[in-house]
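Q: Take this structure first; my questions come after.
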Amino acid sequence: MKKIIFAVLIVALIGLAGCQQQGEVINVDGNAEITVDPDEAEVWAGVSVVDVSADLAQNDVNGKINDMINALKKAGISENDMATERLSIYEERSWEEGKSKVVGWRATQILKIKTSDMRKVGTIVDVAVENGANQINNINFGLSSEKEAEYKKQAIAEATKNAKEKAETIADSLDVRLGRLKSVSTSDYYYRPYMYAMEAKAGADVIEEAAAVMPGDVTVTARISLVYNIG
């Protein structure tokens, strides 16, 4: 009889241990959104021309792009901060009386020009337009890799704090004790640069518009999930 009671006691203890391991948890998400000043700007400037042949169109574009690059270098922009973002050439057609007619060949090349000096954005547009650019697509204000890493840490820390405070509030509301942290996962992190889309203007109008563009704030967000045991 004693052996049977002892066996039942062991089974009960094992069952209790299993319940403790599978105990109820509090699962919370923490969110953070911080707004910071950009420390980097990118200007998309380029040339698009139509000529009677692909070679003539491409040569015209290449000449204007080289003029732009040389002028930007003289204005203090490093060649390392310039890169070809898009390059295309295709046959351009128009419709007349319901028929497709070859107009010529269109060649396009877009440069992405980067600077860490916000005051140079207007200068970049000015120099580009005066040296052949007939397209100013966008101006982006964003973060360098160093600043992005810094603000990412800050956003994740604030999201973690937010999640922990939520868990503590829930535990207090349920009149239970918040136990040990069971798991952590970062479900989302990103930053959204500020993009200014230039209007379809040319020459002096583009230069005037670019000079008036002010750097916009950059938004950095993070989300984190925490799971706590209930003590």
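Q: About its Cα centre, how strong a charge dipole does the stretch 41-142 have in debye, to the nearest 20, once Lys and Arg get +1 and Asp and Glu get -1 at the Cβ?
A: The calculated dipole for the stretch 41-142 is roughly 220 debye.
Q: Whole-Hz ³J(HN,Hα) for each residue in the stretch 152-157, computed from phi via Karplus 6.51 cos²θ - 1.76 cosθ + 1.60 with θ = phi - 60°, x for glycine and proline: what do you get?
A: Per-residue couplings from phi come out as 5, 4, 5, 5, 5, 4 Hz.
Q: Here's another thing I want to ask about it. How high is the relative contact order of the stretch 41-142, in percent, with contacts defined as C-alpha pairs under 8 Å that are six or more residues apart?
A: Over the stretch 41-142, the number comes to 49 percent.
Q: Would you kindly derive the ³J(HN,Hα) couplings of the stretch 118-126 from the backbone phi angles with the Karplus curve 6.51 cos²θ - 1.76 cosθ + 1.60 (θ = phi - 60°), listing them in order in whole Hz, with x for Gly and Pro?
A: Karplus values, whole Hz, x for Gly and Pro: 4, 6, 8, 4, x, 5, 4, 5, 4.
Q: For the charge dipole of the stretch 41-142, defined by +1 on Lys and Arg C-beta atoms and -1 on Asp and Glu C-beta atoms about the Cα centroid, which residue among G98, W44, A57 has the Cα displaced farthest towards the positive pole?
A: W44
Q: Of K147/K182; K64/K120; K161/K182; K114/K152, which pairs sit farther than 26 Å apart, going by alpha carbon to alpha carbon?
A: From K147/K182; K64/K120; K161/K182; K114/K152, over 26 Å: K147/K182.
Q: From the phi of every residue in the stretch 28-37, what ³J(HN,Hα) in whole Hz does the Karplus formula 6.51 cos²θ - 1.76 cosθ + 1.60 yield, where θ is phi - 60° and glycine or proline is x?
A: So the Karplus estimates, Gly and Pro as x, are 10, 10, x, 10, 9, 9, 10, 10, 9, 7 Hz.
Every number in this text was worked out from the coordinates using simple rules, so none of it is lab data. Source: prediction; values computed, not measured. Every residue, glycine among them, receives a Cβ derived from its backbone with ideal geometry; neighbour counts consider all protein chains shown.
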